[in-house]
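Data block below; observations after.
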Amino acid sequence: MNNREFIDKLIQRTGLSAQDVEMLSAVLVDSMIDELASGGSITIHGVGAFELKEKGGRRIYNPSSKTYIQVQPKTTISYKMSAAFKDRLNAHE
């Protein structure tokens with residue numbers, strides 16, 4: 001599902017106008033980005049938790065050039081699925 005399909009589904013399910021749903025979607029995403037960028041974490045009941053993780057720098061081997069490369073440390077987003085979400089996904093098996 002891409003962003004347009006997501007917006008259309010929200011419009012159908014809520015009965016809100018396209019402009020309102022697009023604004024709410026943008027505010028939701030911006031708020032999540034702001035919270036994570038400030039070092040916070042986000043927990044959405046029934047969905048899961050998002051938090052930042054620091055990946056340390058490391059040395060990797062490039063087999064095509066047969067050299068070692070230093071990979072710089074970076075920040076990534078970690079997601080942990082809620083038990084309710086996991087149960088719902090596994091119920092379809």
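The values are calculated or read from the model by the stated rules, or taken from the named source; none is laboratory data. Quantities reported herein were computed from a predicted structural model and do not represent experimental measurements. Cβ: placed from backbone, ideal geometry, glycine included. Neighbour counts: every protein chain shown. Calculation scope for accessible area: heavy atoms of the full protein, side chains included, ligands and nucleic acids excluded. Shrake-Rupley method; radii C 1.70, N 1.55, O 1.52, S 1.80 Å.
Remarks
- Within-11-Å neighbourhood charge of THR75 [Cβ basis; K, R +1; D, E -1]: +1
- Total lysine pairs whose alpha carbons fall under 27 Å of each other in the chain (8 or more apart, or interchain): 10
- Computed over neighbours whose Cβ is under 11 Å from that of LEU52, the net charge equals 0, Lys and Arg +1, Asp and Glu -1.
- Tensor-based shape of the range 33-93 (alpha-carbon gyration tensor, a/c under 1.5 rounded, otherwise prolate or oblate): oblate
- Average accessible area per residue (Å²) across the chain - probe 1.4 Å, nucleic acids and ligands excluded: 82
- Highest-MSF residue in the chain out of VAL21, VAL71, VAL47 [GNM, Cα springs under 10 Å]: VAL71
- From phi via Karplus (6.51, -1.76, 1.60), per-residue ³J(HN,Hα) for the range 29-40 in Hz, x at Gly/Pro: 5, 4, 5, 5, 4, 4, 5, 5, 5, 7, x, x
- Extending 7 Å from Cα along the Cβ direction at ASP87 and again at SER31 yields two label points whose distance is 2.6 nm.
- Think of it as helices only: each DSSP H run of n ≥ 4 in the chain is worth -39500 (n - 2.57), and spread over all residues that comes to -13500 deg cm²/dmol at 222 nm.
- Around ALA18: net Lys/Arg minus Asp/Glu count, Cβ-Cβ under 14 Å: -1
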